[in-house]
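Only one structure is covered here, and it is reproduced in the block below.
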Amino acid sequence: MKKMIIKEKDTKFDILPILKERYSPRIFADTPMSELELRTLFEAGRWAPSSYNRQPWRIVWGIKGSETYNRILECLSDFNKSWATNAPALLLNAFKKTTDEGEENFHALHDLGLFMGNVTAQAQHLGIALHQMAGVNYEKAKVEFKFPEEFHIATAVAVGYYGGNKKDLPEDLRDQEDPLNRTRMMQREFTFNGDYMNEPALESSKNGLDTSKEQIMKKINR
Ligand SMILES: Cc1cc2nc3c(=O)[nH]c(=O)nc-3n(C[C@H](O)[C@H](O)[C@H](O)COP(=O)(O)O)c2cc1C
């Protein structure tokens, strides 16, 4: 059965414009990012909820032209390096895996996600785009930035104002810059008013990806 694809323009429920309009670009306007702008984003993250208020998030940040920016860039996968140089700022996101008592903090990654959710909403409000990246050499980044054993590097983020020119991208990435190409699962695939149920007719949204996007997804960790 053909997968049903929901595009941004088809949003059925009345959600906040900042959520509807957000997307993850790989090109950015020339406008530089200042420390003040980044600190505004981190302040939004700072007020995120976290399990036991443990605030396990740790963020390394660098502005283009600085040594820290170049050090973060060097920790990215080759695929992400191919476009992330367009970003005026880069972040590296880590979380503390343990509680102060040395137990595993099972919810730490969840809390870092909430932190980045706040950062994303604040950024969108300011017209700033984020592109999260899993394609990071975690071990290298942990050593490079001198994180102790009880931390884990989760992601990197490219940050900058929306804008830029598709010509700054490798050719195979240019088509992906159209936010209307974005797809999502149907709500009935991931919400259950009762027991979990696998909807066989609706497979994961990956099946709704066009071929070029599918190819890109395979490259993310290279
Ligand atoms: C945790 C996380 C890791 C991601 N890793 C990468 C990555 O390494 N490289 C990349 O180009 N995009 C990456 N993305 C971007 C996703 O592919 C993108 O968010 C998704 O396709 C939905 O598109 P949208 O954000 O424009 O709505 C990542 C996103 C998240 C949230």
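In the stretch 13-38, the residue that is surrounded by the most Cβ atoms within 10 Å (Cβ to Cβ) out of those that are of a type in the set (D, E, K, R) and in a loop (DSSP other than H, G, I, E, B) is Arg26. Filtering the stretch 162-181 to residues that are in a helix (DSSP H, G or I), exposed (fewer than 15 other Cβ atoms within 10 Å of the Cβ) and in contact (Cβ under 8 Å) with a residue 24 or more places away in the chain leaves Asp168, Asp172, Asp175, Leu180. Arg222: in a helix (DSSP H, G or I) and either modelled with pLDDT of 90 or more or basic (Lys, Arg) (or both), yes or no? No.
The residue that is nearest to the ligand (Cβ to nearest atom), among those in the stretch 102-112 that are part of a helix (DSSP H, G or I) and crowded, with 18+ Cβ neighbours inside 10 Å, is Leu112. Selection within the stretch 121-166: residues that are charged (D, E, K, R) and more than 22 Å from Glu104 (Cβ to Cβ). The member of this set that is farthest from the ligand (Cβ to nearest atom) is Lys146.
Ser82 meets the conditions (1) among the small types (Gly, Ala, Ser); (2) surrounded by fewer than 18 Cβ atoms within 10 Å (Cβ to Cβ); (3) more than 16 Å from the ligand (Cβ to nearest atom); (4) part of a helix (DSSP H, G or I) in every case but one. The failed one is (3). Counting the residues of the stretch 132-157 that are over 10 Å from the mean Cα position of the chain (by Cα) and either of a type in the set (Val, Ile, Thr) or over 13 Å from Thr98 (Cα atoms) (or both) gives 15.
Answer with yes or no whether Arg184 is of a type outside the set (S, T, N, Q), surrounded by 15 or more Cβ atoms within 10 Å (Cβ to Cβ), touching a Lys or Arg at 6+ places or on another chain (Cβ under 6 Å) and at pLDDT 85 or above. Spelling it out, it is not the case that Arg184 is of a type outside the set (S, T, N, Q), surrounded by 15 or more Cβ atoms within 10 Å (Cβ to Cβ), touching a Lys or Arg at 6+ places or on another chain (Cβ under 6 Å) and at pLDDT 85 or above. Checking each residue in the stretch 129-146 for being touching a strand residue (DSSP E or B) at 6+ places or on another chain (Cβ under 6 Å), closer than 23 Å to Ala44 by Cβ and buried (at least 18 other Cβ atoms within 10 Å of the Cβ) picks out Leu130, His131, Met133, Val136.
Output yes when any residue across the stretch 96-115 is within 18 Å of Met33 (Cα to Cα), touching a residue at least 24 places away in the same chain (Cβ under 8 Å) and touching a Gly at 6+ places or on another chain (Cβ under 9 Å), and no when none is. Within the stretch 96-115, none of the residues are within 18 Å of Met33 (Cα to Cα), touching a residue at least 24 places away in the same chain (Cβ under 8 Å) and touching a Gly at 6+ places or on another chain (Cβ under 9 Å). Checked against the criterion of being closer than 23 Å to Lys140 by Cα and under 18 Å from the mean Cα position of the chain (by Cα), the stretch 97-108 has at least one qualifying residue.
The values are calculated or read from the model by the stated rules, or taken from the named source; none is laboratory data. Since the structure is predicted, the reported quantities are computational estimates derived from the model, not experimental observations. As a convention, Cβ positions derive from the backbone with ideal geometry for all residues, glycine included, and neighbour counts pool all protein chains shown.
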